[in-house]
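Values in this text are rule-based calculations from the coordinates and carry no lab data. On a predicted model such as this, the values are computed, not experimentally measured, just so you know. Cβ placement follows ideal geometry from the backbone for every residue including glycine, while neighbour counts extend to all protein chains displayed.
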């Protein structure tokens, strides 16, 4: 169900964009800890496969790892500058943040980096998303964990 909802959102965002049909759609997958960090690497693999299968246009996927997730928010400046430099002339069509650190990073820096680019936050527990801070261009495909059902024997 979550997978189907995520890909419906992604396809909807692609349908909403107005870039030239011959231009590839530019998508950034923003990883929280790195491309190979489980379990988010499976989310990313599935997303890449579905984008390539379902898109009628070529898709240019850029992947970035939020190495700063291991540090404090005050040390994010160089990474923000890096992303800004990469995409100042190459507008993205979609940003997909995978995991809570990437989702929170995007929400903190959305206005300075990608104010009008649609974003999907996924691979994150719903309590980690400040829903009040979402914009009209944001979608969340969150998971819900019931910790009350967890038993320690």
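The residues 84, 31, when put in order of fewest to most other Cβ atoms within 10 Å, stand as 84, 31. By other beta-carbon atoms within 10 Å, ranking 140, 117, 27, 80 with the fewest at the front produces 80, 140, 117, 27. Spin-label model, residue 53/residue 132: points 7 Å from Cα along the beta carbon direction are separated by 4.0 nm.
Note on 65, 32, 55, 116: ascending count of other Cβ atoms within 10 Å places them as 116, 55, 65, 32, the fewest first.
Normalised by residue count, the range 24-144 yields a Cα convex hull volume of 105 Å³ per residue.
Give me the percent relative contact order of the range 29-125, please, defined on Cα pairs under 8 angstrom at least 6 residues apart.
Working: 108 pairs, mean separation 34.9, N = 97.
Reported as a whole number, the value is 36 percent.
Label reach from residue 62 (point 7 Å along Cα→C-beta): in the range 114-129, amide nitrogens under 20 Å belong to 114-122.
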